[in-house]
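Asks: Before anything else, here's the structure in question.
The values are calculated or read from the model by the stated rules, or taken from the named source; none is laboratory data. All of these numbers come straight from a predicted model, not from anything done at the bench. Cβ coordinates were reconstructed from backbone atoms using ideal geometry, including for glycine residues, and neighbour counts include every protein chain displayed.
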Amino acid sequence: MNEHLKDKVLNLPHKSGVYIMKDAFGQAIYIGKAKDLKKRVSQYFQKSRKLHSFKIPYMVETVDDLEFFETKNEQQALILESRLIGEWKPRYNTDLKDNKNFLLLRVEYFRELPVFSLCRNRIDDNCAYFGPYPTAARIREVLALLKKNFGVISSDAKPQKDENGLYTLYSDARAEIYGENKKILVEEYMQRVDKAVEFLKGDSLELLDTFEEKMQKASENLKFEEAAKYRDLIIAVKETLKLNRTRNSAADLSRSPKKVAQEAIARLTECLGAKEPILTMECFDISHISGSFCVASMVRFENGLPCKSKYRHFKIKSFVGNDDFRAMNEVVKRRYLRVDTPPDLLVIDGGQGQLSATNKVFEEVQNRPKMIVGLAKREETIVLATDYSEIKLPKSDEALKLMQRIRDEAHRFANSFNAFLRAKKIRESVLDDFGMGEKRKIEILKKFGSINELKKATPQSIAEIRGISLSYAERLLTFLNEQTNAHKS
């Protein structure tokens, strides 16, 4: 170490924080977090240090300077470390170089029934954001707590509206699990949302007191697993309150979803120069893994809001492989050869290249939407299909936000279908390799739900299924364990 660097290391505080190691050119080459900055950084320069990576000696030799930031606790250090690694991408950092952000809890106010979802990026879309949360487990616990105690819904719910204006939030057992009335008016549901948001902001501590009482009672009755469950909930609640107590939401919560949608429609109609209001919109997205499990989604917005009953999934039939243009052409053609009334606006995820391919489809298909535009991701530029001219709107513009919402929803819907097919194929292929028949396979998956749960089962519990003997169950578990070990090796 040079004297300048040695002096910096010796004077580091015994506090949590983030340290940045730099080379002689002033470039950050490694960023790390520490519970105790002085102890952690000093270890790099001790001859007796234990090497957890062959890279460390080379990195230490190139360190010429050091910078650090103190934080209040380890959680803040973890979040700051992730952000700095994402921005600067030091060459010796490997774990967090993919620039993944920590999870946020998002309240989607643009829907008629706002849903609570998880995301990684905060954008100006009139949604409320809470977090970030250092661990995925904590934020999922908070989301489960909100659904159970406030009766709000997440993005996996598919509420159905009847002729009386009542929404049925769930059509399955979740209605009983969450313990709230499953048939509800929009106004009543909004009251639930308001209470959940107040809780997230830290205005209500009643639940925290309740959980602490239940934890204490469970512990006194020697129900330690139950007590541990309440302990984890308390930790999740405290983290939520701490993260959000001073954080202001960017959403204007006084604006209803319908009002936001109406403003967005009016603005989009104006921006695109449409003669009539753009009331129906459709958007497609392609999802695949290196050409495998290639699927497409189509989502539809009516009056500026998602119309989930009219969403559609497509399996690509005309080819096998990785060709987004060809896949998009197939699903667009299949869609508009079937429907009688095309939408007012078709949104394509992409720029001039994607729009050019789409225009060729409508040389064969006469049922063309009134307008077709692309949304180019890099700068979120709107591209017109008629002459490929571009419209650049500020990020705060309601028209752009509406187009981003339908594009992102199409992307989410396609990815969820892709994940479902992959999981289904994995489940089936493992049991097929064992030589299991279709009926047995259905019964086993019906009972255990997944291969992971099946692996945890006992031979006796498997043998409870009609037609499966104890010896067959034992052979099945042996086979699954062998497959797991082979995969690890």
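Asks: Check the stretch 193-202 and report whether any residue there is assigned by TED's automatic domain parsing to the domain that holds SER154, farther than 15 Å from ALA144 by Cα and at pLDDT below 70.
Replies: Checked against the condition, which is being assigned by TED's automatic domain parsing to the domain that holds SER154, farther than 15 Å from ALA144 by Cα and at pLDDT below 70, the stretch 193-202 yields at least one hit.
Asks: Would you point out which residue out of LYS72, LYS39 is out of contact with any helix residue (DSSP H, G or I) (no Cβ under 6 Å at 6 or more places or on another chain) and at pLDDT 90 or above?
Replies: Values: LYS72 fails: at pLDDT 90 or above.
Criteria check complete, one pass: LYS39.
Asks: Which of the following residues is among the aliphatic types (A, V, I, L, M), at pLDDT below 80 and within 27 Å of VAL339 (Cα to Cα): VAL299, VAL295?
Replies: VAL295
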